[in-house]
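Engineer: One structure, as structure tokens, below. Some questions next.
The values are calculated or read from the model by the stated rules, or taken from the named source; none is laboratory data. Computed from a predicted model, the values in this text were never measured in an experiment. Neighbour counts run over all protein chains shown; Cβ positions are idealised from the backbone, glycine included. To get the accessible areas, we keep the full protein, side chains included, count just its heavy atoms, and leave off ligands, DNA and RNA. Shrake-Rupley method; radii C 1.70, N 1.55, O 1.52, S 1.80 Å.
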Amino acid sequence: MAQQLFHQASLEEERPVPAWDRGSTFAGAEKSSWWQWPGLPVLSMACSFFAIALVLLKVELVIRDEGVLLTFVGSTQVQSQAQQQAMVNSLVEQRLKEFASEQQVVLANYAADIVTRQQDNNLQLASYILDASRQERQEDIGDFIRYINDQRKDEKLEQKIKFQQLEHKIKLQTISNTTPANTAKPADWRLEE
């Protein structure tokens, strides 16, 4: 192997060194490339620290339809909880409004049913009172007529008794007028008869 290397080296011709200005090699810093910028290491270190800070502070980049939002994890949770709370509140309010409207309809129907039932009950009560008062009036009229009839019977009986007494007195007077005055009469002749 060493022999082959020597052989290859002997085949090479020596070339003359080109002539250039060796001092201008380091003095020509004006035309350096962007990756040779002297502040690039400092910028790289600053970006690294910024990335570490983003990681440690738990910064999130949230992309939505409205735009891009850079938030901290705690504030995102607070915002998401606030948004969830707002959504829950809106759903609860919507459900409460629906429930309230349903309850108003049910209450209106219930009130209408109560009014209808009350009217029916009032009509039934009025008809019962009229029927009962008619029956009571008929009974009262019947009692009154019975009372009048009883009174008339009593009056007829009393008149009959008085008429009989009057007839009896008239008969006694006619008998006493026809009999002579000196005939002896018993002491209490009315009791005997």
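Engineer: Note down the nm distance, to one decimal, between modelled labels 7 Å out along Cα→Cβ at residue 171 and at residue 46.
Structural biologist: Taking the simple label geometry, residue 171 and residue 46 are separated by 16.0 nm.
Engineer: With charges set only on the Cβ (+1 for Lys and Arg, -1 for Asp and Glu), what does the dipole of the range 124-170 come to about its Cα centre, in debye to the nearest 20?
Structural biologist: 320 debye
Engineer: Ignoring ligands, DNA and RNA, what percent of the 1.4 Å accessible area of the range 1-142 is carbon and sulfur?
Structural biologist: Roughly 62 percent of what the probe reaches on the range 1-142 is carbon or sulfur.
Engineer: How big is the dipole moment of the range 62-165 about its Cα centre under a simple scheme where the beta carbon of each Lys and Arg is +1, that of each Asp and Glu is -1, and everything else is neutral? Debye, nearest 20, please.
Structural biologist: The calculated dipole for the range 62-165 is roughly 440 debye.
Engineer: Shifting gears a bit: Taking θ as phi - 60°, what are the ³J(HN,Hα) couplings along the range 96-103 by the Karplus curve (6.51, -1.76, 1.60), each to the nearest whole Hz, with x for Gly and Pro?
Structural biologist: Computed from phi, the couplings for the range 96-103 are 5, 5, 4, 4, 5, 5, 4, 5 Hz.
Engineer: Once amide H atoms are placed 1.01 Å from N in the peptide plane, what residues at a sequence separation of 5 or more from residue 60, or on another chain, have their amide H within under 5 Å of its amide H?
Structural biologist: The answer is 71, 72, 73.
Engineer: What FRET efficiency, computed as 1/(1 + (r/R0)^6) with R0 = 30 Å and r the Cβ-Cβ distance, is obtained for residue 91 and residue 116, rounded to the nearest 0.05? Walk me through the intermediate numbers first.
Structural biologist: Working: r = 37 Å, r/R0 = 1.24.
According to the calculation, E is roughly 0.20.
Engineer: Please report the spacing between the Cα centers of the range 138-160 and the range 54-123 in Å, no decimals.
Structural biologist: Rounded to whole Å, the Cα centres lie 83 Å apart.
Engineer: On full extension of the chain, what length is gained from residue 73 through residue 133, given 0.36 nm per residue of separation minus the C-alpha to C-alpha distance?
Structural biologist: Working: separation 60, 0.36 × 60 = 21.60 nm, distance 8.56 nm.
Contour length minus Cα-Cα distance gives 13.0 nm.
Engineer: I want the local charge near residue 69. Using Cβ-Cβ distances under 15 Å, sum +1 for each Lys or Arg and -1 for each Asp or Glu among the other residues.
Structural biologist: -1
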